[in-house]
């Protein structure tokens, strides 16, 4: 995690260096944390079930708070599009 200071030494923003990728044939092509098999959908689902980032890390100790917070930040920035994608995936599963 990297923080940026302004001239008054106040924190202005924080960058969470976590890369999210889609790879055909890996985790069904779902968006995931690069180098892992943990998908954005998994993290978002756990969060929607009421788990905090800390509780998710407790369940998946090989993940870091930085990764979980970065995924949740990405999700909330792209919530409408991602929720639509999840709904379409769910509809496809029901149709099978």
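Read the figures in this text as sums done on the coordinates, not as results from a lab. From a predicted model like this one, the values you see are computed outputs, not experimental measurements. No Cβ is skipped: glycine too gets one built from the backbone with ideal geometry, and neighbour counts run over all protein chains shown.
Put in order of Cβ neighbour count within 10 Å, fewest first, the listed residues 44, 21 become 21, 44. With neighbours defined as other Cβ atoms within 10 Å of a residue's Cβ, the residues 52, 39 order from fewest to most as 52, 39. Calculated FRET efficiency, residue 23 to residue 55, Cβ-Cβ distance, R0 = 30 Å: about 0.60 to the nearest 0.05.
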